[in-house]
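For reference, the structure discussed in these notes is given below.
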């Protein structure tokens, strides 16, 4: 992926994040906040919903927006506002009356969406019978689409299977592409491997490139021009797919991190400020407590598991431990940002802390690319961050926000 082509996903990423910051910067505009292992929305509401959980099931009408970060999200009733989510798995089974923006590993759509859709994922599946009335933009490792797209379609991915109908214009960059759809608008396609199915039909002009030269297609599959354009090869170099997959994962992680930053600072603003102070003042002690947590905590969970009476507590502690591992970089970034705030005596606003934490998160990802040493550095920083957080909760004398 060339540098200019990064403009579109980065711009879309900004669009993705911007709505999240309004309630964060102005609590008076906030809706209902929910968190827990499992959150079930089973009562209709007109307020915006903000959810952080392991599992979210929405099975009542939401007249406002829904912003959610969870491992799995299932939408089973109408959402009249925007749906903005970050998750491992997202299943959309009901009508969305406005825009849908998501970052996830797996996204499954079996519904009608009346607004625009922007997706960042490893895998995207849009079932037959689904209708997207707005534009669809997808950045993913693999995409399988059999629905109807009323607006324009933009896809950048590795493996792409396209069926159904696309009424607007189409632009595709991918590795392996199979089209078995009716394309009513203009199309621009660049793929390493490009095949045309028996049900495919191109009503308008098509410009395409694929490795190995032009396709041999029957005049029956197109009513406009079907032109091979070698200049499109520049948009689809061989290393695009692997680079794109890494870029997609980074976007997904940053999106998830931003949601977690907002939720964590909303729930425990003083805790992370204090954690930053402990990291600055007692880094060795913080590291020690963090090592104790990550090494001894699993043994404590195991001992509770083998005792009958301790099993419920062990299950709870097990999920807490899994959460702490999966969100290790997020917590570490936020802790280091607060440490910098204390060290520099800047009194940063929540906006500035959020931006600093995002920059630190990206730097931590870069450090992880260093073989062995990178992992060791990240492990030590994560232990220190959790150690500072533990010290905050263990210090009974420090129950209020630490002043600079």
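Any read-out appearing in this document is the output of simple, stated calculations on the displayed coordinates, not a laboratory observation. Since the structure is predicted, the reported quantities are computational estimates derived from the model, not experimental observations. We place every Cβ from the backbone using ideal geometry, glycine too, and count neighbours over all the protein chains shown.
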Expected sort for 271-279, 355-363, 166-174 on mean C-beta neighbours within 10 Å, highest first, is 271-279, 166-174, 355-363
Quick calc: nm separation of the 7 Å Cα→Cβ label points for residue 320 and residue 347 -> 3.5
Computed D for the stretch 306-374, Stokes-Einstein, Kirkwood radius over alpha-carbon pairs, 20 °C, 1.002 mPa s, to the nearest µm² per second, is 150
Pseudo-spin-label distance residue 46 to residue 228, built 7 Å along Cα→Cβ, given in nm, is 6.2
Simple SL model, points at 7 angstrom along Cα→Cβ for residue 377 and residue 88; separation in nm is 2.9
Ranked from fewest to most other Cβ atoms within 10 Å of their own Cβ, 33, 67 fall in the order 33, 67
Computed on Cα atoms, Rg of the stretch 268-394 relative to 2.2 N^0.38 Å comes out at 1.13
Nearest-0.05 FRET efficiency for residue 367 and residue 306 at R0 = 22 Å, using Cβ-Cβ distance, is 0.05
One finds, for residue 299 and residue 394 with R0 = 25 angstrom and r their Cβ-Cβ distance, a FRET efficiency to the nearest 0.05 of 0.85
